[in-house]
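The values are calculated or read from the model by the stated rules, or taken from the named source; none is laboratory data. In this text the structure is predicted, and so the values were computed from the model without any measurement. We place every Cβ from the backbone using ideal geometry, glycine too, and count neighbours over all the protein chains shown. Please note that ligands, DNA and RNA were not included when accessible areas were found on the heavy atoms of the full protein model with its side chains. Shrake-Rupley method; radii C 1.70, N 1.55, O 1.52, S 1.80 Å.
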Amino acid sequence: MTAFELIRAFSHDATIGIVVTDTMITPPGPTILYANEAFGRLVGRAVVDILGHSPRFMQGKETRRETLDTFHHALAAGERFHGYLTNYRGDGSKYRAEVDCRPLHATDGRIENFVAFEREVIRRIGRPVEGAGGRYEPISVSNDLLTDGLRNLGLFQHA
Ligand SMILES: Cc1cc2nc3c(=O)[nH]c(=O)nc-3n(C[C@H](O)[C@H](O)[C@H](O)COP(=O)(O)O)c2cc1C
C-alpha cells in the first residue's frame, strides 16, 4: 500500500480537510488527485468539482503572495509547509486556513505526492502568543492539526 492509498483510506470520514496532489508544482500543477468530504465542506465546493484542479482556485485578493512564495519554496525543496493563508470559498467568502502540507515519499525516497491537512482558524482575541501560530486558534475543538494517530503512522519524515 502506498502512502497515498493509506491516506485515502483513513481520510474518508476524517473531520479535518485533507487534500492530496501530484508533485508538479508549476502551473497548471499541482493537480488535486484526492480530497475528502471535510475538505469539500471547508472550501465550499463539491469534491468532484475540485479534482483535477490546482489548489490555487482558493486564492483571491487578500491571499498574500509572500506566503505563497514561502509555500512554493517549501514544495520545491521537498519540505513541509505549515502556515496560514487567506482562502476563498466557492461562494466568494474568505476564511483563514491553517495549512500543514507535507511530501509523501515512496520507499526509494522519491516524493510521490503532497498531502495537506487544512482547517479554518480564527484570530485569537487579545495579545498574541509566540509566533504566527499563536495568533490563531482552530474553530473546531482539536488543538493539533495532525492528530497523534496520523503522526504515529510514521508516514511523515518531518513530524
Ligand atoms: C497539497 C497542497 C495543498 C494546497 N493548499 C492550498 C490552499 O489551501 N490555498 C492556497 O492558496 N494554496 C494552496 N496550495 C499552494 C498552491 O497550489 C501553490 O503551490 C502556491 O500558490 C505556490 O505556487 P505558485 O508560486 O506557483 O503560485 C496547496 C498546495 C499543495 C501541494
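If a residue must be of a type in the set (A, V, I, L, M) and within 23 Å of residue 84 (Cβ to Cβ), how many such residues does region 1-58 contain? Full working, then the answer.
Of all residues in region 1-58, those of a type in the set (A, V, I, L, M) come to 1, 3, 6-7, 9, 14, 16, 18-20, 24-25, 32-33, 35, 38, 42-43, 46-48, 50-51, 58.
Narrowing further to those that are within 23 Å of residue 84 (Cβ to Cβ): 7, 14, 16, 18-20, 25, 32, 35, 38, 42-43, 50, 58.
Selection size over region 1-58: 14.
Give me the residue from region 64-93 that is within 21 Å of residue 24 (Cα to Cα) and among the β-branched types (Val, Ile, Thr) and, out of that set, least open to solvent (accessible area, probe 1.4 Å).
So the residue we want is 67.
How about region 26-66: which of its residues are within 8 Å of the ligand (Cβ to nearest atom) and β-branched (Val, Ile, Thr)?
26, 32, 43, 63
Say whether the condition of being within 18 Å of residue 39 (Cβ to Cβ), modelled with pLDDT under 90, open to solvent by 80 Å² or more (accessible area, probe 1.4 Å) and in contact with a strand residue (DSSP E or B) (Cβ under 7 Å, 6 or more places away or on another chain) is met by at least one residue in region 141-151.
No: region 141-151 contains no residue that is within 18 Å of residue 39 (Cβ to Cβ), modelled with pLDDT under 90, open to solvent by 80 Å² or more (accessible area, probe 1.4 Å) and in contact with a strand residue (DSSP E or B) (Cβ under 7 Å, 6 or more places away or on another chain).
Is there any pair with a first residue in region 12-37 that is open to solvent by 20 Å² or more (accessible area, probe 1.4 Å) and a second that is within 9 Å of the ligand (Cβ to nearest atom) and charged (D, E, K, R) whose Cβ atoms are under 8 Å apart and which are 6 or more apart or on different chains, and what are they?
Every condition considered, the pairs that remain are 16/118; 27/56; 31/22; 33/22.
Suppose we keep only residues that are more than 10 Å from the ligand (Cβ to nearest atom) and not charged (D, E, K, R) within region 67-81. Which one would you say is nearest to residue 113 (Cα to Cα)? Walk me through it before giving the result.
The initial filter retains those residues of region 67-81 that are more than 10 Å from the ligand (Cβ to nearest atom), namely 77-80.
Right, trim to not charged (D, E, K, R) and you get 77-78.
On the way: 77: 13, 78: 10 Å.
Among them, the one singled out is 78.
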